[in-house]
Amino acid sequence: MAIRSIVPADIAARYEVHEWRNGLAILSAARPKEWKDILLVLREFQLFRSSILKPGGRKSTIAEKLDSHFFRLDWKEKGFKTKIVVDEAEYDTPTHKVDCYKNRVALEVEWNNKDPFYDRDLNNFRLLFELRAIEVGLIVTRCDELQDIFDDLGRGASYGSSTTHMAKLLPRIEGGGGGGCPIVVFGIRKACYVED
């Protein structure tokens, strides 16, 4: 119910949306500027056939396109220096860099990585939330339904079952992988696909 009342219909038509621990309410009410940025990027995103056909590398053109749009809106890749102090002893507790960060909102783009990257992201969200560095974590990934498109384009093997897609993410979140961190997930649907 909350998803339908917060997520605009045009976004819900193009993305599969899930939330945990009232992530959407926190995002839309406590961080409205960042919510507006997220909606803008999602509205303007198109999944081009040419991008799917392009061989991957360190970072796919699809993930790069999403990240770069956030960067143009003053989001930053961010690392956090964290440590635990017990009496006089200090222990570094390194975290992983967040793909896109702005005003206590952390966002990761997981397009076609190995699925353990979700464990890393969720653990990072959990730790950063517990340390009061973030209020909500977001993941933009792909819906399982896109596999039909990949198969039709002859790229199905590149987007295998052990890569990052919704069926690999949801059980991790439902199993408590993000701890107490409010989380919002956007899965890219076929409705974003464009034959260019």
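Just so you know, all these numbers are worked out from the coordinates, no wet-lab data involved. None of the values given here were measured: they were computed from a predicted structure. As a convention, Cβ positions derive from the backbone with ideal geometry for all residues, glycine included, and neighbour counts pool all protein chains shown.
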Review point. Could you list, in sequence order, the residues of the stretch 82-106 that are outside any loop (DSSP other than H, G, I, E, B) and within 15 Å of the chain's Cα centre (by Cα)?
Key: VAL98, ASP99, CYS100, TYR101, LYS102, VAL105, ALA106
Review point. Restricting the first residue to the stretch 183-195 and requiring it to be buried (at least 21 other Cβ atoms within 10 Å of the Cβ), which pairs with a second residue that is part of a helix (DSSP H, G or I) and not hydrophobic (A, V, I, L, M, F, W, C) meet a Cβ separation below 7 Å and a spacing of at least six or different chains?
Key: ILE183/GLY23; VAL184/GLY23
Practice item. Run ASN123 past the list (1) part of a loop (DSSP other than H, G, I, E, B); (2) touching a residue at least 12 places away in the same chain (Cβ under 8 Å) and report the number of the one that doesn't hold. Key: (1)
Exercise for review: Kindly provide the set of residues from the stretch 67-115 that are among the basic types (Lys, Arg) and over 21 Å from GLU44 (Cβ atoms), ordered by number.
Suggested key: LYS78, LYS81, LYS83, LYS97, ARG104, LYS114
**Study point:** Residue that is surrounded by the most Cβ atoms within 10 Å (Cβ to Cβ), among those in the stretch 130-168 that are without any contact (Cβ under 8 Å) to a residue 60 or more places away in the chain, assigned to a loop (DSSP other than H, G, I, E, B) and touching an Asp or Glu at 6+ places or on another chain (Cβ under 7 Å)
**Key:** HIS165
Review point. If PRO171 passes every condition in (1) under 19 Å from LYS65 (Cβ atoms); (2) outside any loop (DSSP other than H, G, I, E, B) but one, which one does it miss?
Key: (1)
Check your understanding: Can you tell me how many residues in the stretch 1-44 are without any contact (Cβ under 8 Å) to a residue 24 or more places away in the chain and surrounded by fewer than 19 Cβ atoms within 10 Å (Cβ to Cβ)?
Key -> 11
